1. Count charges around residue 191 for me, please; just the other residues with Cβ under 10 Å from its Cβ, Lys/Arg as +1, Asp/Glu as -1.
2. As a test of the formula, what do you get for the chain when each DSSP H run with n ≥ 4 contributes -39,500 (n - 2.57) and the sum is divided by the residue count, at 222 nm and rounded to the nearest 500 deg cm²/dmol?
3. Can you pick out the pairs among 89/164; 15/148; 15/164; 15/89; 18/161; 89/148 whose Cα atoms lie more than 30 Å from each other?
4. With the cut-off at 28 Å, tell me which of the pairs 160/227; 55/225; 142/177 have Cα atoms farther apart than that.
5. What net charge do the residues around residue 56 carry, taking every other residue with its C-beta under 15 Å from that of residue 56, with Lys and Arg at +1 and Asp and Glu at -1?
6. Just want the ordering: 74, 128, from fewest to most Cβ atoms lying within 10 Å of their own Cβ.
7. What is the local net charge at residue 37, summed over the other residues whose Cβ is closer than 12 Å to its Cβ (Lys, Arg +1; Asp, Glu -1)?
8. Taking only C-alpha pairs under 8 Å that are 6+ residues apart, what is the relative contact order of segment 4-233 in percent?
Amino acid sequence: MGSKFFLCYHDLSVKNAKQAVGQIRRIAQVANSPITVAVIPDVRQAPAADLDFFKGELQSLLQDGFELLLHGTRHLAVDSVDRNFWGKKALALTGNEAEFAGLDDCDSFRLLEQGMALWGTLGLDLPRGFVPPAWYGNAHLKEQVLCKFDFYEDRFAVYKKSQKILSPALSFAGLPKLSLNVAQTSACLALRSPVGTPRLVFHPVDFEAIGETRILNLTRFAVSKRKQIFYRDI
Ligand SMILES: [Zn+2]
């Protein structure tokens, strides 16, 4: 089994932590390994008890060998910021989630710094990787991220400072209902083919859209075909 893949869960946040952590743990149980988790750092509106719970769960995920990635800032765009034509398109396609899409140099940098500052309030060391929400960046983001982090990723690749790893994101979030079956079949094909190092990525919404049974089956299939690796392994 020479080929590898990443196994990721996106969008863990203070708002969904109670449910999401259970989902993350069950995927890990089936994979027989900790996994990579992309975390939304904005806890500014959270009640103190929720914040304590969230921080505690992040600590215990780290202790158990899970790998955390910083995933945006609010995971929701602010209306007052200007963005280019493509950025506006990306916002329309993602229900405003693509907060980094089409930003200019300064706004992008400012938003990235905000995300890092919010991460700081969680009392954790900065993670090694950053993923923009819905994988939409802008002309400046990759370089800005790679000045501060070891890894950046878009929908097609994972980037290190001097390396690009071909890595199609196999993801189901945001897809129309009718295409979900096709997406699951293509995910299986991609995991079976020897090309690249795919990222199998689950989101909280997938647990409603395709259901936990299929998520766990896909995980089982993936670990039977490829060796799961972490960003820290590349
Ligand atoms: Zn996300």
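1. Numbers: positive: 192, 225, 226; negative: none.
Around residue 191, the surrounding residues sum to +3.
2. On the way: 8 runs with 96 residues, N = 234.
The helix contribution divided over the chain gives -12500 deg cm²/dmol.
3. Details: 89/164 26 Å; 15/148 27 Å; 15/164 33 Å; 15/89 27 Å; 18/161 35 Å; 89/148 28 Å.
Flagged as over cut-off: 15/164; 18/161.
4. On the way: 160/227 20 Å; 55/225 34 Å; 142/177 31 Å.
Over 28 Å apart, Cα to Cα: 55/225; 142/177.
5. In short, -1.
6. Working: 74 20, 128 16.
Fewest to most other Cβ atoms nearby, the residues stand as 128, 74.
7. On the way: positive: 25; negative: 11, 57, 64, 67.
Here the charged neighbours net out to -3.
8. With pairs under 8 Å counted, the relative contact order is 24 percent.
No value in this document is a laboratory result; all are computed from the given coordinates. Since we're looking at a predicted model, the values are computed, not measured. For neighbour counting, all protein chains shown are included, and Cβ atoms are generated from backbone atoms with ideal geometry for every residue, glycine included.
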